[in-house]
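These notes are about the structure you will find just below.
The values are calculated or read from the model by the stated rules, or taken from the named source; none is laboratory data. Keep in mind that what you see is a predicted model, and the values were worked out from it rather than measured. No Cβ is skipped: glycine too gets one built from the backbone with ideal geometry, and neighbour counts run over all protein chains shown.
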Amino acid sequence: MTDNTSLWPAPLAPGAVDATVPVPGSKSVTNRALVLAALAAEPGWVRRPLRSRDTLLMAGGLRAMGVGVEETLSANSASVSGAPGGTGEAWRVIPSGLRGPARVDVGNAGTVMRFLPPVAALADGPVRFDGDRRSHERPLHGVIDALRALGARIDDGGRGALPMTVHGGGSLTGGRVEIDASSSSQFVSALLLSGARFNQGVEVRHTGGALPSLPHIRMTVEMLRAAGAQVDTPESGGEPNVWRVTAGALLGRDLVVEPDLSNAQPFLAAALVTGGRVTIPDWPRHTTQPGDALREIFTEMGGVCELDERGLTLTGTGRVRGIDVDLSDVGELTPGIAAVAALADSESRLRGVAHLRLHETDRLAALTKEINGLGGDVTETGDGLVVRPRPLHGGVFHTYEDHRLATAGAVLGLVVKGVEVEDVATTAKTLPDFPEMWQAMLDGTAGERM
């Protein structure tokens, strides 16, 4: 891969893109599956997992605490069509007694820094958490305060952030806890994922403002129920903003990970902005992934979507329309939508995403600066962006070690000559081999790579 200081000349599309692009498995599903398998009462399989920096950090963190995570090739997973990340790849997870002392490197992965501390509270011994410089700036107070209220001992120097040590006592009392998860829905998911292993289960009450990324909480709930947990939610007739997980054993599962629909975004955007056609194989008909919203959003922006046995096919019409949309549930899609909006024929307003200022970077400030640096007209609002299309020119598109900034720059480079994306290697966080996949899409050979 390219080194961190280099510039990647974003390929200019020679015409309308026409390709089938298999994308690797979902990061969100892979990392939740690893945690649930590690806490289960019996071994399980995670098939077609995403192998990326974030998921390898999750597997490494679990291994550090004594969980067996074995990478293997599996005949069952090889039978799944278009298996990305290496045909037939699967991870066998063998639960064992969680133990310390251990050290966990979270990198800059929100799921790792938030999902593993509750697991560490169940370990026998201290577990030290640290990561990239940016990880020290990302909010973790919701998980830290909640775990303390549930009986855990944590040393964070009063920062409410990394680095920190969780002093595992082999078990956790659990019970009722109130948190403000308005800065990240991962605070809720983190407690729910381990809650069945707490002595009294867990009842999580969100007491703050608007809760972002609700589809990710629904994903957590659905995966918990599939693992045998009893979960009560607002959607199932419970109280608003309250989730309960009953104490009990989790089942070892044999799970096939869906393609990562959010990582499909730049490829679908390529069809939209070039007036071409891209098919993403194995797009699920039912899913809790936020990326499924792309079907509706990109249709409103001028594309035509068709979901059939081949997968999802998006066909561009030659026109890209502006959009006024609330992205509070699907904030991770904002960088790619902003890039498409900068190429539209009318103004766009992207709302409900103030929490993006706390992601891998301040995504709202970064998108404003970088698109405007190419001649665009983007303005930050209190909770989003206003994008007014202008003729764009080439230049350096900085990524701030943020994978979704990098793919947004690639989308712009399809139709704007001379765009150079800084540190395209940061895409390895969730989408390994992105530059090669991007070129294969343009060459029409993407399906042949898998």
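Restricting E332, E380 to those that are assigned to a helix (DSSP H, G or I), in contact (Cβ under 8 Å) with a residue 12 or more places away in the chain and not hydrophobic (A, V, I, L, M, F, W, C) reduces the list to E332. In segment 313-333, of all residues being in contact with a strand residue (DSSP E or B) (Cβ under 6 Å, 6 or more places away or on another chain) and buried (at least 24 other Cβ atoms within 10 Å of the Cβ), the one that is farthest from P389 (Cα to Cα) corresponds to L314.
Screening L385 against (1) assigned to a loop (DSSP other than H, G, I, E, B); (2) over 26 Å from A425 (Cα atoms) leaves a single unmet condition, (1). Is it true that M65 is more than 23 Å from the chain's Cα centre (by Cα), assigned by TED's automatic domain parsing to the domain that holds V112 and surrounded by 20 or more Cβ atoms within 10 Å (Cβ to Cβ)? Against the criterion (more than 23 Å from the chain's Cα centre (by Cα), assigned by TED's automatic domain parsing to the domain that holds V112 and surrounded by 20 or more Cβ atoms within 10 Å (Cβ to Cβ)), M65 qualifies. If you go through segment 408-422 and keep only what is surrounded by 23 or more Cβ atoms within 10 Å (Cβ to Cβ) and under 22 Å from the mean Cα position of the chain (by Cα), you end up with A408, G409, A410, V411, L412, V421. Cβ-Cβ contacts under 7 Å between residues 6 or more apart (or on different chains), taken from a first residue in segment 280-295 that is over 13 Å from N263 (Cβ atoms) to a second residue that is assigned to a loop (DSSP other than H, G, I, E, B) and among the basic types (K, R), are listed as P281/R310.
Yes or no, residue by residue, for (1) farther than 20 Å from G97 by Cα; (2) at pLDDT 95 or above; (3) in a helix (DSSP H, G or I):
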{"position": "A37", "(1), (2), (3)": "no, yes, yes"}
{"position": "E42", "(1), (2), (3)": "no, yes, no"}
{"position": "M58", "(1), (2), (3)": "no, yes, yes"}
{"position": "G61", "(1), (2), (3)": "no, yes, yes"}
{"position": "V80", "(1), (2), (3)": "yes, no, no"}
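Figure legend. Inter-residue proximity from segment 7-36: first residues buried (at least 24 other Cβ atoms within 10 Å of the Cβ) and of a type in the set (V, I, T), second residues in a helix (DSSP H, G or I) and at pLDDT below 95, beta-carbon distance below 8 Å, spacing 6+ or different chains. Indicated pairs: V21/A446; V21/G447. Every residue in segment 241-255 that is touching a strand residue (DSSP E or B) at 6+ places or on another chain (Cβ under 7 Å), more than 13 Å from A37 (Cβ to Cβ) and surrounded by fewer than 24 Cβ atoms within 10 Å (Cβ to Cβ), please. N241, V242, R244 - these are the residues of segment 241-255 that are touching a strand residue (DSSP E or B) at 6+ places or on another chain (Cβ under 7 Å), more than 13 Å from A37 (Cβ to Cβ) and surrounded by fewer than 24 Cβ atoms within 10 Å (Cβ to Cβ).
Scanning segment 142-157 for residues that are of a type in the set (G, A, S), out of contact with any helix residue (DSSP H, G or I) (no Cβ under 7 Å at 6 or more places or on another chain) and closer than 19 Å to S182 by Cα gives a single hit, A149. Of the numbered criteria (1) under 22 Å from R153 (Cβ atoms); (2) in contact with a strand residue (DSSP E or B) (Cβ under 6 Å, 6 or more places away or on another chain), the one S194 fails is (2).
For segment 265-294, the set of residues classified as assigned to a helix (DSSP H, G or I) and more than 15 Å from G444 (Cβ to Cβ) consists of Q265, P266, L268, A269, L272, V273, P290, G291, D292, A293, L294, listed by residue number. Do we have any residue at all in segment 184-195 that's more than 22 Å from the chain's Cα centre (by Cα) and of a type in the set (G, A, S)? Checked segment 184-195: no residue is more than 22 Å from the chain's Cα centre (by Cα) and of a type in the set (G, A, S).
Here F298 clears all of (1) modelled with pLDDT of 95 or more; (2) under 19 Å from the mean Cα position of the chain (by Cα) except the condition numbered (2).
Scanning segment 238-258 for residues that are touching a residue at least 40 places away in the same chain (Cβ under 8 Å) and in contact with a Lys or Arg (Cβ under 6 Å, 6 or more places away or on another chain), which turns out farthest from P49 (Cα to Cα)? Once the filter is applied, the top-ranked residue is V256.
Output the residues belonging to segment 110-123 that are in contact with a Ser or Thr (Cβ under 8 Å, 6 or more places away or on another chain) and either under 15 Å from V188 (Cβ atoms) or not β-branched (V, I, T) (or both). Hits for segment 110-123 are G110, T111, M113, R114, F115, P118, A121, L122. The residues on offer are L350, L356, L392, L364, and the sole one that is crowded, with 18+ Cβ neighbours inside 10 Å, assigned to a strand (DSSP E or B) and in contact with a Gly (Cβ under 8 Å, 6 or more places away or on another chain) is L350. Annotation: of all residues in segment 221-240 being at pLDDT 95 or above and either touching a Phe, Trp or Tyr at 6+ places or on another chain (Cβ under 9 Å) or part of a loop (DSSP other than H, G, I, E, B) (or both), the one that is surrounded by the most Cβ atoms within 10 Å (Cβ to Cβ) is A229.
Out of all the residues in segment 244-264, which are within 30 Å of I337 (Cβ to Cβ) and in a loop (DSSP other than H, G, I, E, B)? The answer is V257, E258, D260, L261, S262, N263, A264.
Taken as a whole, segment 355-377 holds no residue that is on the phi > 0 side of the Ramachandran plot, touching a residue at least 24 places away in the same chain (Cβ under 8 Å), of a type outside the set (V, I, T) and touching a Leu at 6+ places or on another chain (Cβ under 7 Å).
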